[in-house]
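We did not get these values from a lab; they are worked out from the coordinates using the rules stated. This is a predicted model, so every value here is computed, not measured. Cβ placement follows ideal geometry from the backbone for every residue including glycine, while neighbour counts extend to all protein chains displayed.
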Amino acid sequence: MDRIFDATTHVFDPLHRFWERDTTERAVAGLLVVFFLLSLGAIELNRQGMLPSALAAQLPVSHYMAINLAFTFVLIMEVVSLIFTLPCSISKALGKQFEILALIFIRNSFKELSLLPEPISIVGQIDVFWRILADGGGSIAIFALLGLYLRLQGGPAKSLKSGVALYRFIASKKIVAFALLIIFFVMGLYNVWLLVSGQGLFHFFQNFYTVLIFSDILLVLIAQCFQPGFRAVFRNSGYALATLMIRLALTAPPFYNVLIGTTSVVFALLLTLIYDQFYAGRKT
């Protein structure tokens, strides 16, 4: 088993370092700008009827959708960062998921703009305004609650001393993260294939969060092997439940999605606060 741990670590760690490099971050930011400008250009060509019919059918005609596409690109990058965060700690990874949820609500707000005319006007579309306000307000609420959540997070768990056990524990989580990385890219390539073949796209982030629920449960079970005890199992299971609530928020109707998403952060806050106040640092 140690050979598998070593092999995974030797592959995962270089990928993680490459992703965290400043040069990689700058390159991704540059690609985002180019992608946004190309999206605007492609949408304008589509509006002018200058694209082949097969391609035109797959592209939007509202310039506002370019904003949605740009935020989708940002979300993809954030999900990759989330995958690389998983071996650090379950609580830190959950914080990353809250960041993604806040960005999804922001994206939803801009996505509603595609229902408005150009130039922009809300005459006869007041319901669109309320959905924009709800998603935007939800993202602000999660952003604020996330700040409290991150402030409550202390250092890494100290129930494991450094040594072989800690190495195996982290390596086990890297195996899960590496598998998630493969699943993420396979799902992405499948979505691209659906787009090219003219079929409808599936909801990528909703389906990937479903995968995250199962991966979180797997991480809880792995943690129990190295950190047995009621308190650790309950805490990690609670964080997995918060992930489930995020998944429900992504599929809930307008207004309810914000309520469920905000509740998931409050739940994680209470769990962290109660654990730190009454259980952290105890030996038994």
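List of remarks:
- Computed from the C-beta positions of F36 and A165, the FRET efficiency with R₀ = 45 Å rounds to 0.45.
- Each Cα pair under 8 Å and six or more residues apart adds its separation to the average, and for the stretch 81-235 the resulting relative contact order is 26 percent.
- Note on W19 and L133: the extension gain reaches 37.6 nm, defined as 0.36 nm multiplied by sequence separation minus the Cα-Cα distance.
- Estimated from helical segments only, the mean residue ellipticity of the chain at 222 nm is -27500 deg cm²/dmol, where each DSSP H run of four or more residues counts as -39500 (n - 2.57).
- Among (i) 26, 24, 20; (ii) 44, 21, 17; (iii) 38, 24, 15, the entry derived from the coordinates for semi-axes √(5λ) of the Cα gyration tensor in Å: (iii)
- Computed from label points 7 Å out along Cα-Cβ, the spacing between V186 and L221 is 1.8 nm.
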